[in-house]
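Have a look at this one.
The values are calculated or read from the model by the stated rules, or taken from the named source; none is laboratory data. Bear in mind the structure is a predicted one, so any value in this text is a computation, not a measurement. Every residue, glycine among them, receives a Cβ derived from its backbone with ideal geometry; neighbour counts consider all protein chains shown. Heads up: the accessible areas ignore ligands, DNA and RNA and are worked out on the full protein's heavy atoms, side chains in. Shrake-Rupley method; radii C 1.70, N 1.55, O 1.52, S 1.80 Å.
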Amino acid sequence: RFNIDVTEVDIKNAYPRIIYAICGLELPKNFYGLNKVNKRGINTLLNNFFYRPGGDEKKKQRYDAIRKFKKYGFAPEVSKYLIDNYFESNHRSIIFDIISHYENDIISEVLELGKDWENDGMIRRHDSVLIFNNKSDISELENYEFLDQKGWFNGRFSLSGVVPRKEN
């Protein structure tokens with residue numbers, strides 16, 4: 001409608017990727033399953049694995065959370081990290097605050113890199129950057145590293161922007 005080309009540089013599976021990176025691990029390919037069949041279940045689990053006083057006894061809730069992490073294929077190091085650090089947290093939002101902080105760091109770094117790109121402007125959108133009328137090669141993002149991990153962004157980068165990569 002406005003004759004503007006928009007390229008979106010999106011953090012691929014941002015929350016789980018950040019959690020895995022905190023643990024020093026690469027997020028497995030196809031983490032959410034074929035056609036993202038487990039995405040809703042995984043996201044629900046990440047929002048609800050915390051201890052709830054007044055519910056089942058703590059030991060049972062902890063066991064159930066560990067069982068669900070295993071069911072969805074979480075690496076043992078990751079489920080241990082989440083349980084050890086957040087299961088009994090009085091502030092359930094603390095994990096999301098921490099992850100959002102890392103997400104902000106990543107996007108801020110992309111915006112900083114983008115200062116050298118030729119375009120008509122960029123804006124942050126949650127876990128992505130929108131680039132208007134990009135005319136630069138942004139392939140440097142293929143090798144972007146954060147928390148000693150690569151593979152943060154969707155797509156294959158070229159002068160014409162981001163071309164979605166088919167997932168296996």
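Which residue pairs have Cβ atoms closer than 7 Å, lie 6 or more positions apart in sequence or on different chains, and pair a first residue in segment 79-92 that is farther than 16 Å from K59 by Cα with a second residue that is hydrophobic (A, V, I, L, M, F, W, C) and modelled with pLDDT under 95?
Close Cβ pairs (under 7 Å, with a partner that is hydrophobic (A, V, I, L, M, F, W, C) and modelled with pLDDT under 95) amount to R92/F50.
Among the residues of segment 139-156 satisfying the criterion of being over 15 Å from I11 (Cβ atoms) and of a type in the set (D, E), which is modelled with the lowest pLDDT?
Among those residues, the one meeting the criterion is E140.
Then there is this: Quick one: in segment 91-107, which of the residues that are open to solvent by less than 60 Å² (accessible area, probe 1.4 Å) and of a type in the set (D, E, K, R) is farthest from Y51 (Cα to Cα)?
Of everything passing the filter in segment 91-107, D105 is farthest from Y51 (Cα to Cα).
Considering only segment 67-115, state which residues are under 24 Å from E140 (Cα atoms) and basic (K, R).
K115
I'd like the full set of residues that are under 30 Å from L45 (Cα atoms) and of a type in the set (D, E), limited to segment 87-141.
Result: E88, D97, E103, D105, E109, D127.
What single numbered condition from (1) surrounded by fewer than 17 Cβ atoms within 10 Å (Cβ to Cβ); (2) more than 15 Å from the chain's Cα centre (by Cα) fails to hold for P28?
Looking at each condition in turn, P28 falls short on (2).
Another question, then. Please tell me if D64 is under 28 Å from E142 (Cα atoms) and surrounded by fewer than 17 Cβ atoms within 10 Å (Cβ to Cβ).
Values: under 28 Å from E142 (Cα atoms): no; surrounded by fewer than 17 Cβ atoms within 10 Å (Cβ to Cβ): yes.
When the stated conditions are applied, D64 does not pass them.
Right, here's the next one. Just one of (1) closer than 16 Å to R17 by Cα; (2) among the aliphatic types (A, V, I, L, M); (3) at pLDDT below 90 trips up L159, so point out which.
The single condition L159 does not satisfy is (1).
Which of the numbered conditions does N134 fail, given that it passes all the others? Conditions: (1) open to solvent by 30 Å² or more (accessible area, probe 1.4 Å); (2) touching a residue at least 40 places away in the same chain (Cβ under 8 Å); (3) of a type outside the set (K, R).
(1)
Considering only segment 47-74, how many residues are in contact (Cβ under 8 Å) with a residue 12 or more places away in the chain, more than 21 Å from E26 (Cβ to Cβ) and assigned to a loop (DSSP other than H, G, I, E, B)?
Residues that pass the stated criteria total 3.
Among the listed residues E8, E88, E77, which satisfies the condition of being part of a loop (DSSP other than H, G, I, E, B) and either under 21 Å from the mean Cα position of the chain (by Cα) or exposed (fewer than 14 other Cβ atoms within 10 Å of the Cβ) (or both)?
E88
Hey, could you check segment 91-138 for residues that are charged (D, E, K, R), within 23 Å of Y20 (Cα to Cα) and in a loop (DSSP other than H, G, I, E, B) and say which is modelled with the highest pLDDT?
D127
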